[in-house]
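The values are calculated or read from the model by the stated rules, or taken from the named source; none is laboratory data. This one's a predicted model, so the numbers in the text were calculated from it and none came from an experiment. With ideal geometry, Cβ positions are generated from the backbone for all residues, glycine too; neighbour counts draw on all protein chains shown.
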Amino acid sequence: MSTDLFPKNAPYQVFFDVETTGLYPHLGDRVCEVGIVVAQGDRILETYASLVNPLRPISPGAAAVNGLSDEILRHQPTFAEIADEVIRRLHGQIVVCHNAPFDLGFLQSELARLGRAWQPRQVIDTLQLARKHFHFASNSLSAVANALGIVVQDAHRALGDALTTYRVFCYFQQQLGRQSDLSASDPWQAARKADFGQPGDTELPLLLRKALDTHSELEILYQDGGGNLTRRRIRPTQILSDSGRIYVVAYCHLRGEERSFRLDRMKILSNGGDDGF
């Protein structure tokens, strides 16, 4: 059996990376930069990069890592404006990421906001390859690259990290392709099927469902983690779940930005009466 990861007439490998406003798409964090490297074998065919207006502030922690700011991002295209360009490059190809659940999880979250469904044809995760086949002191992308003598440029920027992932992957392919015990079940060869799904059908209060369907607003009482109650006017945009909890992503007029609200901490106020959750 050939161990060539790049057979002739094979799909392209698309190396994908995102920078984000924070770590948790289910809590309303958004993509603020996309980087893509399209390759076939040892040839880079195309690169694509775009900053993205996330329509919410970037967290101080994320800004410290990627160097982006609200001012830089404010005048950039939204994800809705670049979605077709991104999917056109990914569709039907083998997608390679370093920590695929993070990058593809954010991608799926952005697409879900647009009412679009997409699944990658195949996924290769270089983080999983590093953990399974090598013994680096750290498996972060920059640490792996440094250990391999790969020059890292524009670290923690989307295109720079996509290029670094490509170079790390080429090294892995060269090394692993020589192992005699590799089988088609190995993720670097067979490529893992992705399964990044949005929450299934969830029974929602009627007023919330209507607000989502009509893009209208609600008056709610919300109890935060400290037990404090605030009255808010929100425009719900999305329902997400994490660890069994349901979150309502909505624009909050009180805070002037997009926020996420736990469904079990919300109470809708309607016509002066309560319609409890």
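A few notes on this one:
- Exactly one residue out of 88, 131, 113, 74 is in contact (Cβ under 8 Å) with a residue 24 or more places away in the chain, surrounded by fewer than 21 Cβ atoms within 10 Å (Cβ to Cβ) and basic (Lys, Arg), and it is 113.
- Here the condition is being closer than 26 Å to residue 171 by Cβ and in the same structural domain as residue 155 (by TED's automatic domain parsing); of 112, 100, 63, it holds for 100 alone.
- Residue 220, sole failed condition from (1) at pLDDT 90 or above; (2) exposed (fewer than 14 other Cβ atoms within 10 Å of the Cβ); (3) outside the structural domain of residue 67 (by TED's automatic domain parsing): (2)
- Check on residue 190, at pLDDT below 85 and over 16 Å from the mean Cα position of the chain (by Cα): yes
- Residue within region 166-173 that is over 17 Å from the mean Cα position of the chain (by Cα), closer than 18 Å to residue 19 by Cα and part of a helix (DSSP H, G or I) present: yes
- All positions within region 30-42 that are touching a Lys or Arg at 6+ places or on another chain (Cβ under 8 Å) and either modelled with pLDDT under 95 or not in a strand (DSSP E or B) (or both): 30
- The one condition in (1) surrounded by fewer than 19 Cβ atoms within 10 Å (Cβ to Cβ); (2) closer than 30 Å to residue 251 by Cα; (3) at pLDDT 90 or above; (4) out of contact with any His (no Cβ under 8 Å at 6 or more places or on another chain) that residue 58 fails to fulfil: (1)
- The residue pairs whose first member lies in region 225-239 and is within 14 Å of residue 253 (Cβ to Cβ), whose second member is part of a loop (DSSP other than H, G, I, E, B), and whose beta carbons are closer than 6 Å, counting only pairs six or more residues apart or on different chains, are 232/254; 233/217; 233/253; 235/217.
- Single unsatisfied condition, residue 45 versus (1) of a type in the set (A, V, I, L, M, F, W, C); (2) part of a strand (DSSP E or B); (3) touching a residue at least 40 places away in the same chain (Cβ under 8 Å): (3)
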